[in-house]
Amino acid sequence: MLDDNVSNKNSIDIAGLPFSQACENNKQPILEVLQQELKDSKNVLEIGSGTGQHSVYFAPNLSHLQWQTSDIIANHNVIEAWHTAYPAPNLYAPLPFDLNSDLLPLSLISSQSYDAVFTANTLHIIAWPLVERLFKLVGDALPLHGKLVIYGPFNENGQYTSEGNRRFDEMLRRHNNSSGIRDKETVVTLGVTHHLALLTTQKMPANNQLLVFEKTL
């Protein structure tokens, strides 16, 4: 579970906040990759910060960079509550960002643009046209050699990588037929269209993967 390091003066009731067990389970394996892949980054935008659990873990463990959260406004109160409970000097309150209509939010961190973007468990939730829009926005915004890091489940060669992923995909599509686990090869091809080349694929727990793209032009 989470570290028991919240100050007694903190009035936030963590037990009463939305909690993602998946975030708790995967945060350390993801961090280990980010520590290597983002070692030269300075300003990171997290797209779809969700509960905020990833951000409060990654920011203090990646103290060399500035971690900017973002999400739809409906999720901001929860993210801000987690930030209040687990503050870090390089962790920034969420910016409004809705892929349906918004451009990438401008950085409040500094005059510099983002040189990395991180998103977890988003591509299989949003509709494919929004996946395409995400890559276009990120491809346009990142500087040369900027990084895009994506965590989640992916199919390989048009096949599920596990029985668990097959069941998960069926559940997603029952809930929303625009959702579903994406084929990694299609995502990689989409990246090339926006000058984002796949650098590495890291296997993650629970049949997930971490894809790291680099801006090439």
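Here are some notes:
- Where a residue in segment 31-57 is of a type in the set (Ser, Thr, Tyr) and its partner, wherever it lies, is part of a helix (DSSP H, G or I), with Cβ under 6 Å and at least six apart: Ser49/Ser55; Ser49/Ile79; Thr51/Val78; Tyr57/Lys27
- Of the residues making up segment 177-189, just one is surrounded by fewer than 17 Cβ atoms within 10 Å (Cβ to Cβ) and assigned to a strand (DSSP E or B), namely Asp183.
- Among the candidates Ala81, Ala116, Ala88, the residue that is in contact (Cβ under 8 Å) with a residue 12 or more places away in the chain and touching a Lys or Arg at 6+ places or on another chain (Cβ under 7 Å) is uniquely Ala116.
- Test for Leu31: is it under 22 Å from Thr200 (Cβ atoms) and either open to solvent by 20 Å² or more (accessible area, probe 1.4 Å) or out of contact with any Cys (no Cβ under 9 Å at 6 or more places or on another chain) (or both): yes
- Filter result (part of a helix (DSSP H, G or I) and of a type in the set (Asp, Glu)) within segment 143-176: Glu163, Asp169, Glu170
- Verdict on Val192 being among the β-branched types (Val, Ile, Thr) and open to solvent by less than 50 Å² (accessible area, probe 1.4 Å): no
- Residue tally, condition closer than 18 Å to Val138 by Cα, out of contact with any Ser or Thr (no Cβ under 8 Å at 6 or more places or on another chain) and small (Gly, Ala, Ser), over segment 78-109: 1
- Taken over segment 35-52, the criterion of being within 11 Å of the chain's Cα centre (by Cα) and not in a strand (DSSP E or B) is satisfied by Gly48, Ser49, Gly50, Gly52.
- Exclusive hit being more than 15 Å from the chain's Cα centre (by Cα) and among the β-branched types (Val, Ile, Thr), set Thr84, Thr119: Thr84
- Hits in segment 53-69 (condition: farther than 22 Å from Ser113 by Cβ and over 14 Å from the mean Cα position of the chain (by Cα)): Pro60, Asn61
- Single residue of segment 15-24 satisfying the filter (surrounded by 13 or more Cβ atoms within 10 Å (Cβ to Cβ) and more than 15 Å from the chain's Cα centre (by Cα)) that is farthest from Glu80 (Cα to Cα): Phe19
- For segment 37-46, a tally of residues being under 19 Å from Leu106 (Cα atoms) and either surrounded by 24 or more Cβ atoms within 10 Å (Cβ to Cβ) or charged (D, E, K, R) (or both) returns 4.
The values are calculated or read from the model by the stated rules, or taken from the named source; none is laboratory data. This one's a predicted model, so the numbers in the text were calculated from it and none came from an experiment. Quick reminder, even Gly has a Cβ in these numbers, built from the backbone with ideal geometry, and neighbours come from all protein chains shown. All accessible areas refer to the heavy atoms of the entire protein, side chains included, with ligands and DNA or RNA removed. Shrake-Rupley method; radii C 1.70, N 1.55, O 1.52, S 1.80 Å.
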